[in-house]
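Trainee: Starting off with a structure, shown below.
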Amino acid sequence: MKDKKIIYYLDQDARQSFSALAKKVGLHKDVVTYRVHKLAEKGIIHFLTIINEHKLGMNYLRFCLTYQYTTPEIKKEIIEYFVKNKYTVAVHASEGQCDLIVILGVKNTPAFYDVWYRIFSKYRDYFSHQIFSIYCKTVEYRYTFLLDRNEQETDNRILFNRTYDEKFVKIDEIDMKILQLLNKNARMPTIELAEKLHTTALTITHRIKKLIQSQIILGFRVALDYSKLGYHFYTVNIAIKDFTKIKHIVKYIESNPNLVGQIMVLGQMDLEFLFFLKNIEELEDIMNGLSSRFPQVIKEYTYSSHTHTYKFQYLPEIFS
């Protein structure tokens, strides 16, 4: 529970000092420092910078792919190809609705067609289906499930909210390099950033502050290897009959401590929720509760479970 509590509060701001974190969890600074380093060494946590892609004029395109005629060698080749692709921000193996989920970050969706056509032509015979969607809004929630039930808060669980507002922000080469470095490690010290970029720590501090003020950087959080804590990652897509009920459904689901994300996309279902759950029975309980609470509203739902994450970041290499 001490480790879980450390992760929970570190996730609020992954760049906070160990002293500040120690006060929140009620442990000595040295103990917290040791535990965080151990959690990182074991691969349970690493540190991400939450970048608002919309502010940079970027869109996330998602392809959910179903295999056919493949061998383990072919699957490995396909996965490695997407991991190395400079547009890719995430690659997940999955079971359920599809076999492979690939998310790409692009500035010009129509112009990206030729790139995707070349990719898909290379491997099209190995995919029986593809489901395409564009991210419009993403909400990320606190890891409330890590806390004891008596410590869990059901209100104001939202940690970050990424939406499109047409207010693009232009940044220079140094800002972009800062984003790239923080994209790999949100806790990279300011002095180290300054050395890598051949500038001063004061300049780095000022620029990070401006990136936060302009909402390009929304914050710094902990990416969690949920499997090492005994959890599975489930994505649930819901089609609804009455759109006036969307806000009520979202409010109801947000009270669930295992909810870690909500995505609104063009091109698939009406609602999409992300959960860290112990097993499929927990997901069935959630959906049964939702159906009972909103009878004649939920038309259908599908789900998938990530079995392995090969790549996950917020900024594609194309923006380096």
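The values are calculated or read from the model by the stated rules, or taken from the named source; none is laboratory data. Keep in mind that what you see is a predicted model, and the values were worked out from it rather than measured. FYI the Cβ positions are ideal-geometry reconstructions off the backbone, even for glycines, and counts take in every protein chain you see. Note: areas computed on protein heavy atoms with side chains; ligands, DNA, RNA excluded. Shrake-Rupley method; radii C 1.70, N 1.55, O 1.52, S 1.80 Å.
Trainee: What shape does the stretch 121-269 have by the C-alpha gyration tensor, where a ≥ b ≥ c are the square roots of the eigenvalues, rounded means a/c under 1.5, and otherwise prolate means a/b greater than b/c and oblate the rest?
Mentor: It is prolate, given that a/c is not under 1.5 and a/b is the larger ratio.
Trainee: Going by the alpha-carbon gyration tensor, a ≥ b ≥ c the square roots of its eigenvalues, is the stretch 46-98 rounded (a/c under 1.5) or, if a/c is not under 1.5, prolate (a/b greater than b/c) versus oblate?
Mentor: prolate
Trainee: Check the chain for me: any Cys whose beta-carbon has no other cysteine beta-carbon within less than 4.7 Å?
Mentor: Among the cysteines of the chain, those whose Cβ sits 4.7 Å or more from every other are CYS136.
Trainee: Now a separate question. How much accessible area per residue does the stretch 107-261 have, in Å², with a 1.4 Å probe?
Mentor: 56 Å²
Trainee: To continue, here is another question. So how do HIS306, HIS37 rank on accessible area, 1.4 Å probe, biggest first, that is with the largest at the start?
Mentor: Largest accessible area first, the residues go HIS37, HIS306.
Trainee: Now, a different point. Give me the percent relative contact order of the chain, please, defined on Cα pairs under 8 angstrom at least 6 residues apart.
Mentor: Rounded, it is 28 percent for the chain.
Trainee: Using alpha carbons only, how many angstrom separate the centre of the stretch 67-97 from the centre of the stretch 205-245?
Mentor: Measuring centre to centre over Cα atoms gives 23 Å.
Trainee: On the accessible surface of the stretch 16-71, probed at 1.4 Å, how many percent belong to carbon and sulfur atoms?
Mentor: Result for the stretch 16-71: 56 percent of the exposed heavy-atom area is carbon or sulfur.
Trainee: How much net charge surrounds ILE134 when only the other residues with a Cβ under 14 Å from the Cβ of ILE134 are counted, with Lys and Arg +1 and Asp and Glu -1?
Mentor: +2
Trainee: Restricting to DSSP loop positions (anything but H, G, I, E, B) with no more than 13 other Cβ atoms inside 10 Å of their own Cβ, which GluC sites (Glu not before Pro) remain in the stretch 114-159?
Mentor: GLU153
Trainee: Separate question: Can you pull out the trypsin sites (Lys or Arg not before Pro) in the stretch 22-115 whose DSSP state is coil and whose Cβ has at most 12 other Cβ atoms within 10 Å?
Mentor: Those satisfying the criteria are LYS42, LYS86.
Trainee: Also, I was wondering about something else. When the Cα centres of the stretch 134-170 and the stretch 33-58 are compared, how far apart do they sit, in Å?
Mentor: 15 Å
Trainee: Then there's this: Using every pair of alpha-carbon atoms in the chain, split the distances into 20 Å bins beginning at 0 and state the percent of pairs per bin, rounded to integers.
Mentor: P(r) for the chain, in whole percents per bin: 29, 59, 11, 0.
Trainee: If you plug each phi of the stretch 104-114 into the Karplus form 6.51 cos²θ - 1.76 cosθ + 1.60 with θ = phi - 60°, what whole-Hz ³J(HN,Hα) values come out, in order, with x for Gly and Pro?
Mentor: 10, x, 9, 8, 10, 4, x, 5, 6, 3, 4
Trainee: May I pose another question? I'm a student and want to see the number: the projected area of the Cα convex hull of the stretch 1-111, averaged over all directions, in nm².
Mentor: So the mean shadow area of the Cα hull is 10.2 nm².
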